[in-house]
Amino acid sequence: MTVRIGVEEEFHIVEVETGLLAPRADTMLEKLPPGAFTTELQQATVESNSGVHETLAGLYDDVIRARRRLDAAASAHGLAVVAAGTVPLARTQDTRPTDGRRYRHMVDEYRMIADEQLICGTHVHVDVPDRDLAVRLMCEVSPWLHVLLALSASSPFWLGADTGYASWRTMVWQRWPTAGPPGCYADAADYDAAVQSLIDSGVISDAGMIYHDIRPSAHQKTLELRICDASPRAETVVLIAGLYRALVTEARERLETTDAPPCRGRHEWLRAAAWRAARSGLEGVLIDPGTGREAPAADVVRRLLARVRPALEAAGDWDTVRNLAERALATGSAAHRMRRAAEADDLLACTDLAIAETRGDDQPRRRAAAARHVASPARPVAHPSGAGRAGIAGR
């Protein structure tokens, strides 16, 4: 039986003319169905929730439909949505927290961490009905999650400056007290006890504030991937979802058919691997989980493909995922594309590119020269040029 998947995508809301954040989530959501679309901590962010799918083609169609509905809702108010880890021209003064007791507590307790929650991610859910198994699977798949982060990297800019990172969202996100690699737990009871101890300590208020790179969902019978940036291109969402499902499937079959060794205490290594992926994206090196050493990103991505090929073939996903992965390597990360647009023009051009890719357009809109009043990015970082954009992969 094919394992089902679903995704949650977070989007920045921006003013079309300025590229600045716009705290208009409640207004945008007035004519959108609740459940499928919802608010987040900051009013300049909106989230879409896909249905549950057995095929990547079905997931892709769902993601495209949701993005079109969001785009229409935003356009009606002179706004646009951007699926990226950060938007280049974000400013804390341009947004405000969403109403509600839980969000008020987060703002009061975490202060600047909450104030600067100007980031968006993509979360992928894979069905794992057995929570004991889900907890064990966290350790099994965690060594490869930084590769998925590199594929998603889309946040080179922060508050108008070039950070030198491919995923600055990762650096911002890791300030939360429960962010990063998960611990190692014997079973669901062990994991739940650890979560409860954090709640009892007062550091977090509920299980929903477990912000590990991967976790058993608090509300669904799924194993949830949380490490990735939001992705401007819907194809990247599908690529990551396909690879993640294959990783979970491969690890599950291994646990069920062999005596897998216990966790080998890899958590410091996992954090270091995530940092490297956030720094380099696809344009540098990644940590090879097999050797623990740096290797070209393309080599590590292809080793992941080879590892999960049987699971991809069993699900009928091999051709789609392989083609999407090769195209991602050829065109570079979203961070690389965004940085090139900013270096060629300015940060508003970078924002226009992210808006266009979120919509599924090939080219950003053209602006009159007089409309451009945004400074060029600070501290530009040169990266090797990538190949031209390929078309959408066959599904």
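The values are calculated or read from the model by the stated rules, or taken from the named source; none is laboratory data. All figures in this text were calculated on a predicted structure; none of them were measured in a lab. Cβ coordinates were reconstructed from backbone atoms using ideal geometry, including for glycine residues, and neighbour counts include every protein chain displayed. For accessibility, only protein heavy atoms count, side chains too; no ligands or nucleic acids. Shrake-Rupley method; radii C 1.70, N 1.55, O 1.52, S 1.80 Å.
Here is how the numbers come out for the structure above:
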| read-out | value |
| --- | --- |
| Within the chain, percent of DSSP bridges classed antiparallel, to nearest 5 | 90 |
| In region 239-320, trypsin sites (Lys or Arg not before Pro) in a DSSP loop with at most 10 other beta-carbon atoms within 10 Å | R264, R293 |
| Cα centre as origin, Lys/Arg/Asp/Glu Cβ charges: region 16-125 dipole, Debye | 140 |
| Structure-based [θ]222 nm, the chain - -39500 (n - 2.57) summed over DSSP H runs of at least 4, per residue, nearest 500 | -13500 deg cm²/dmol |
| Per residue accessible area of the chain, 1.4 Å probe, in Å² | 41 |
| Order by protection proxy (mean Cβ within 10 Å, highest first), peptides 187-198, 112-123 | 112-123, 187-198 |
| Unit charges at the beta carbon, dipole of the chain: most positive-side option, L225, A72, H53 | A72 |
| Whole-percent carbon and sulfur share, accessible surface of region 10-55, 1.4 Å | 51 |
| Distance between modelled label sites at M171 and V16, nm, 7 Å Cα→Cβ extension | 3.3 |
| Around R303: net Lys/Arg minus Asp/Glu count, Cβ-Cβ under 11 Å | +1 |
| Tensor-based shape of region 35-93 (alpha-carbon gyration tensor, a/c under 1.5 rounded, otherwise prolate or oblate) | prolate |
